[in-house]
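This report concerns only the one structure given below.
Bear in mind these aren't lab numbers, they're just calculated from the coordinates by the rules spelled out. Because the structure is predicted, anything quoted here is derived from the model rather than measured. Every residue, glycine as well, gets a Cβ built from its backbone with ideal geometry; the counts of neighbours run over all protein chains shown.
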Amino acid sequence: MISEIAERRSIRKYKEKPVPQAMIKEIIQAGALAPSSKNRQPWKFTVVTGNAKEEMLEVFRQGLERERISPLLPESAGHLGGAAYTLEIMRQAPAVIFCIHTLGLSLSQTLTVEERVSEICNVQSIGAALENMTLAAAGLGLGSLWICDTYFAQPELCRWLQTEGLAAAMAIGYADEAPAARPRKKVDEMIEWRS
């Protein structure tokens, strides 16, 4: 299992070959099998392909334009170029899966301690689902890219998806690249042992 995890890569170039619906369902099923805090399973998935993908890309582009003028994330303005690159990656990918945080609270909402802890736990659960999905895609011979740059166009994409709870997106397709592994911290540098 460690070798499968070590071989997974974030893919940013895709072939034009469509991904069969059955494979996408298998990837999403892997996500749904992830552990979740209190078994809340705080996720729903919207798969976007074809003409709907073209419409979504235009909505994302409009969000990036709005972000340049009236930023939701002013301190992250230096990352707008990366978000524009992500838009082009999504354009190449035959399918984009949006993960909706069904129990998510508004980004502008003031939270009680209880709500904050619940939100943290739910977001960790969604992260586990997305990780399962990337590994399932790799196991099926597909490439994937876990995308958080959607936050630069959060209001626009949420309106388009008809939800408040957009958590992340994932590009899925047949890889048209084989990137080398990116540097990782050594395991001994990350561990503190206490006995």
| said: Order 77-88, 136-147 from most to least packed using the mean count of other Cβ atoms within 10 Å. | reply: 136-147, 77-88
| Given the Cα-Cα distance of Glu75 and Arg182 and 0.36 nm per residue of separation, how much length would full extension add, in nm? | 35.9 nm
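So how strong a dipole does the stretch 1-94 carry about its Cα centre when Lys and Arg Cβ are +1 and Asp and Glu Cβ are -1, to the nearest 20 debye? Don't jump to the answer; show the numbers that get you there.
On the way: 15 positive and 11 negative charges, 47 e Å.
Computed about the Cα centre, the dipole is about 220 debye.
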| field | Alpha-carbon spread of the stretch 84-168, three principal axes, descending order, Å | value | 43, 27, 20
| Anyone know which of Gln154, Gln162, Gln124 comes out most mobile in the 10 Å Cα GNM of the chain? | Gln162
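Scan the chain and hand back the longest stretch that contains none of the trypsin sites (Lys or Arg not before Pro) lying in DSSP loops with at most 10 other Cβ atoms within 10 Å.
By the stated rule (loop sites, at most 10 other Cβ atoms within 10 Å), 1-183.
Could you work out [θ]222 nm for the chain from helices alone, using -39500 (n - 2.57) per DSSP H run of at least four and dividing by all its residues? Round to the nearest 500 deg cm²/dmol.
Details: 7 runs with 90 residues, N = 195.
Calculated mean residue ellipticity at 222 nm is -14500 deg cm²/dmol.
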